Amino acid sequence: MSGTPERRITDLPSLIESLPPEDRAAAGRLFDVVATTGRLDPPEAMRAWIEKSFGSVDAVTEQRIVRVTNRVTLEGSLFNGLRASRPLDTGVSVDLEREIEAAGGDPFCRPEEGTPADVFGRVRGEHSVTASNVAKYDGFHGVVIFDDHNPLHLTPEKVSDYISVALEWCRRALQTDPEAKYPFLMWNCLWRAGGSIIHGHAQVTATRGAHYPKIERLRRAASSYGAKHSSDYFDDLHRVHHSLGLGVPAEDEVRAFASLSPVKEKELIVIGRSPEDESLRRTVGALLQGYVHILGVQAFNVAFYMPPFAPVDEDWSEFPTVVHLVDRGSPANRTSDIGAMELYAASVVASDPFRVANLLRNGPLKDA
Ligand SMILES: [Zn+2]
């Protein structure tokens with residue numbers, strides 16, 4: 001890629017136009033892309049402040065905004081790079097490492113005494129052990145407690161262990177209740193991402209009757225797409241991202257890219273055949289390591305969309321394992337990263353997915 005000018009999300013309409021015909025057709029089936037310009041007229045008295053905050057007055061008087069809608073899932077994002085540089089009333093400053101260390105000695109530092117076991121006992125891995133969540137989301141709700149107190153001290157090996165421990169927990173839940181067929185694995189890292197306990201931990205649930213609605217909705221959307229276009233939704237999704245230059249490093253038979261319709265900042269999507277594949281688990285770990293050490297992410301969410309663990313009535317045969325990673329912003333920031341737009345309209349995103357992908361491909365990864 002060296003020598004070519006860096007691509008920008010604001011050029012997406014022309015980038016799609018210049019794709020090879022089959023990729024361009026897939027992009028047209030999947031995405032609706034609209035570019036627009038926002039304009040304003042600042043008073044003289046504001047000019048110095050605008051220059052200081054945004055670099056130049058021109059950057060503010062004409063702002064290019066790109067709106068991307070996934071036609072299949074009806075998820076969508078509004079990109080405006082200018083928002084990345086806007087001044088924030090952050091209110092607090094946080095020495096994060098010190099704050100994490102200061103929270104040491106918590107119940108998760110000694111899970112045997114500090115946390116309850118599930119009715120089927122605990123699952124132990126090399127780097128983690130499970131507990132039963134005290135206040136449950138669902139009938140089965142466990143916690144994968146990491147040996148590491150500091151959740152940012154992660155490696156591909158450790159993350160792979162956390163995930164395989166969670167999968168074994170799901171199998172134990174299924175043995176205990178044969179109807180608890182639908183697994184969900186999530187990780188809320190630090191308080192910005194919804195984590196109430198600093199000590200490194202992921203969470204796992206198993207639900208009955210049907211999958212959680214957002215996962216079932218994706219299954220139905222992908223299934224309708226396949227029936228209508230005789231083409232696999234996930235194959236096409238990867239094809240379009242990869243063809244545009246949004247691919248990020250992944251191990252064999254795993255597909256990963258920076259999303260064109262991210263739910264929020266720097267969202268990555270990882271697609272693998274099964275969560276049992278170590279290559280998928282290690283890829284997620286390596287990308288999280290890139291998040292922390294290349295992109296400077298500190299608070300993030302991870303979610304695993306997985307088919308049920310036992311036969312069910314609806315058809316999951318074409319549904320892969322889909323993993324979402326998203327940055328939730330600086331723990332020092334008091335302003336929430338989501339508001340009414342994200343809850344009820346579309347996601348407003350400052351990070352450029354082309355830049356995210358470029359950095360993850362070329363960034364200097366420091367050792368954890
Ligand atoms: Zn701890």
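Here, each number is a calculation from the coordinates, and none is a lab measurement. No experiment lies behind these values; they were computed from the predicted model shown. We place every Cβ from the backbone using ideal geometry, glycine too, and count neighbours over all the protein chains shown.
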In order through the range 319-335: 3J(HN,Hα) via Karplus (6.51 cos²θ - 1.76 cosθ + 1.60), integer Hz, x for Gly, Pro: 8, x, 8, 10, 10, 10, 10, 9, 7, 9, x, 6, x, 7, 8, 7, 6
The chain: Rg/Rh from Cα coordinates, Kirkwood Rh? 0.98
In 5 Å bins starting at zero, report the fraction of Cα pairs in the range 214-368 per bin as a rounded %. 2, 9, 17, 21, 20, 16, 10, 5, 2, 0
Highest-fluctuation residue, Ala180, Ala45, Ala357 considered, GNM on the chain with Cα pairs under 10 Å: Ala45
Anyone know which of Val240, Val356, Val134 comes out most mobile in the 10 Å Cα GNM of the chain? Val134
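Which of the GluC sites (Glu not before Pro) found in the range 105-186 are in a DSSP loop and have at most 15 neighbouring Cβ atoms, other than their own, within 10 Å?
Here the sparse-neighbourhood loop sites are Glu126, Glu179.
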Principal axes first, then extents: for the Cα atoms of the range 90-183, list largest minus smallest coordinate on each axis, whole Å, largest first. 48, 29, 29
Write down Rg/Rh for the range 26-70, rounded to two decimals, with Rg from the C-alpha atoms and Rh from the Kirkwood relation over Cα pairs. 1.24
How large is the dipole of the chain about the Cα centre if only Lys and Arg carry +1 and Asp and Glu carry -1, each at its Cβ, rounded to the nearest 20 debye? 680 debye
Using distinct alpha-carbon pairs, which all enter the 1/r mean, Kirkwood radius of the range 130-274 in Å: 17.3 Å
Taking just the alpha carbons, could you work out the radius of gyration and Dmax for the range 1-85, both in angstroms? 16.4, 52
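How large is the Rg to Rh ratio of the range 118-166 when both quantities use alpha carbon positions and Rh follows Kirkwood?
Over the Cα atoms of the range 118-166, Rg/Rh equals 0.99.
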If I take the Cα coordinates of the range 1-149 and project them onto the principal axes, what are the three extents in Å, biggest first? 62, 50, 35
The distance between the Cα centres of the range 265-296 and the range 101-117, in whole Å, is 27 Å
Counting other beta carbons within 10 Å of each residue's own, what order do Ser259, Ser317 fall into, fewest first? Ser317, Ser259
Largest first, please: the extent of the C-alpha atoms of the range 202-267 along each principal axis, to the nearest Å. 39, 36, 26
Of the residues Gly296, Gly121, Gly55, which exhibits the maximal mean-square fluctuation in a Gaussian network model of the chain defined by a 10 Å Cα contact cut-off? Gly55
Cα-Cα over 26 Å, subset of Lys181/Lys266; Lys181/Lys214; Lys158/Lys214; Lys136/Lys266; Lys214/Lys266: Lys181/Lys266; Lys158/Lys214; Lys136/Lys266
